[in-house]
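Below you'll find the structure, written out as structure tokens, and then a few comments.
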Amino acid sequence: MTNTRSVLVTGASTGIGHAIATDLAMAGIRVFGSVRSQQDADALVAATPTGAPTIIPVLLDVQDTASVRAAADTIEQQLGTDGLWGLVNNAGISVASPLEYIPEDAFQLQMDVNLTGVLRCVQAFLPLLKRTSGRVVNISSISGRVAFPMIGAYATSKYALEGLSDALRLELGVHGMEVSVVQPGSIATPIWERSRARATELLTQVPEHGITEYRQMIDQAVGTTENHGEEAGDPQLVANVVRHALTAKRPRTRYQVGKDAKILLFLRRWLLSDRRLDKLIRRNLGLH
Ligand code: NAP
């Protein structure tokens, strides 16, 4: 085995995944970054920081088992007899709509990408990770512990990802492997714009009386996607903790990122009952 550690980051085309990939490359780690188009593959190579090992793009769609397994074969060929040190499950989307009216296929899409997609990657890459007793880092969210209205499907996927991660940590402990969960608050990435575009489309499928019923929450949620800019953190903040999870002798099981996540998750864990948390969220969102 060589000393070069290799890590796969899923969803490296933009946002947090892109920041993680470039940050790890800068730390001298060999990074495989998953993308879904040749154009994004070329852009990822071009984004390799000066002096760092070239980021290696790998085509992978987490919704497609065959594509995940093909990516594992490709990476295995490049690794030779070496193993994979880290798998960062970052690829994700946000599907926003009132739960009462969200179309079943939209809900399933949310779960397939954010939850089953992680399982697909874990299953495909574990043989390579076991060679090094490597690490898995799952990018969850503040929404993995606190649910907000209109993004109930997203919260469902992230709460489930937290459970998957806890069970996986116990299971992989027998191989001496570590599993960490990262819970960012609001981070400035294209996910907001993408979520708004998807929500606008989904809202056309909500009946008029539904729009009326949930008007205040819909407006608030849309407003959040438009105005998150000032408070949202830099993706580099997430990259910093992912690097820690991958390189520290004793990584943490959970990392909160950003003031919003740290405060709310602390309150959630130690101080607030469900009812009090509901009240706080309603008040903060300006809901009656
Ligand atoms: P983003 O900029 O939209 O990036 C999402 C990444 O996931 C893109 O690379 C995208 O690839 C990829 N992806 C989406 N669907 C995929 C699929 N089916 N197969 C493979 N890749 C797929 O969003 P982001 O904010 O960086 O989000 C990254 C992660 O952070 C997500 O898990 C998200 O839930 C989590 N998170 C974000 C925030 C935040 O405020 N931004 C907060 C908490 C947690 P394409 O470009 O090909 O679509």
Taking a ≥ b ≥ c as the square roots of the eigenvalues of the Cα gyration tensor of the chain, is the shape rounded (a/c under 1.5), prolate (a/b larger than b/c) or oblate? prolate
Tilt of helix 191-203 relative to the longest C-alpha principal axis of the chain, in degrees (0 to 90, nearest 10)? 50 degrees
For the chain, set up a Gaussian network in which alpha carbons nearer than 10 Å are linked by springs, and say which option among 53, 235, 190 fluctuates the most. 190
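Show me the ranking of peptides 276-284, 241-249 by mean Cβ neighbours inside 10 Å, starting with the highest.
Working: 276-284: 13.2, 241-249: 18.4.
Ranked by mean Cβ neighbours within 10 Å, highest first: 241-249, 276-284.
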Please compute the contact order of the range 109-221 in relative form: average sequence separation of alpha-carbon pairs under 8 Å and at least six residues apart, divided by the residue count, as a percent. 29 percent
Here the range 261-272 yields Karplus 3J(HN,Hα) values (6.51, -1.76, 1.60; θ = phi - 60°; whole Hz; Gly and Pro given as x) of 5, 4, 5, 5, 6, 5, 4, 4, 7, 10, 10, 9
Translational diffusion coefficient of the range 58-199 at 10 °C, 1.306 mPa s, Stokes-Einstein with Kirkwood Rh over Cα pairs, in µm²/s as a whole number. 100 µm²/s
How many nm is it between the label spots at residue 252 and residue 201, if each spot is 7 Å from the Cα in line with the beta carbon? 3.6 nm
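Suppose all protein chains stay in the model; what accessible area per residue would a 1.4 Å probe give for the range 6-285, in Å²? If you can, show how the numbers build up before the last one.
Details: 13200 Å² over 280 residues.
Counting only protein heavy atoms, the per-residue value for the range 6-285 is 47 Å².
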What is the sum of charges around residue 232, taking Lys and Arg as +1, Asp and Glu as -1, for the other residues whose C-beta is under 15 Å from the C-beta of residue 232? -2
Name the shape class, rounded, prolate or oblate, that the alpha-carbon gyration tensor gives for the range 180-267, where a ≥ b ≥ c are the square roots of its eigenvalues, rounded holds for a/c under 1.5, and otherwise prolate holds if a/b is larger than b/c and oblate otherwise. prolate
Which of the lysines could be linked to residue 249 by a straight reach, that is with a Cα gap under 28 Å, when you skip same-chain ones fewer than 8 residues away? 130, 158, 259, 262
Over the chain, what relative contact order in percent results from Cα pairs under 8 Å that are six or more residues apart? 19 percent
Rounding to the nearest 10 and keeping the result within 0 to 90°, find how far the Cα-based axis of helix 235-247 lies from the longest principal axis of the chain. 40 degrees
Taking Cα atoms only, helix 215-227 is inclined relative to the longest principal axis of the chain by an angle, in degrees rounded to 10, of 40 degrees
Hz values of 3J(HN,Hα) by residue in the range 250-259 - Karplus curve (6.51, -1.76, 1.60), Gly and Pro given as x: 10, x, 7, 6, 9, 10, 8, 10, x, 4
Within the accessible area of the chain, what % is carbon and sulfur when the probe is 1.4 Å and the other protein chains stay in place? 52 percent
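The values are calculated or read from the model by the stated rules, or taken from the named source; none is laboratory data. Predicted, not measured: the structure shown is a model, and the values here were computed from it. Here the Cβ is made from the backbone with ideal geometry for all residues, glycine too, and neighbour counts use every protein chain on show. The protein model used for the area step is the full one, side chains on, heavy atoms only, and it has no ligands, DNA or RNA in it. Shrake-Rupley method; radii C 1.70, N 1.55, O 1.52, S 1.80 Å.
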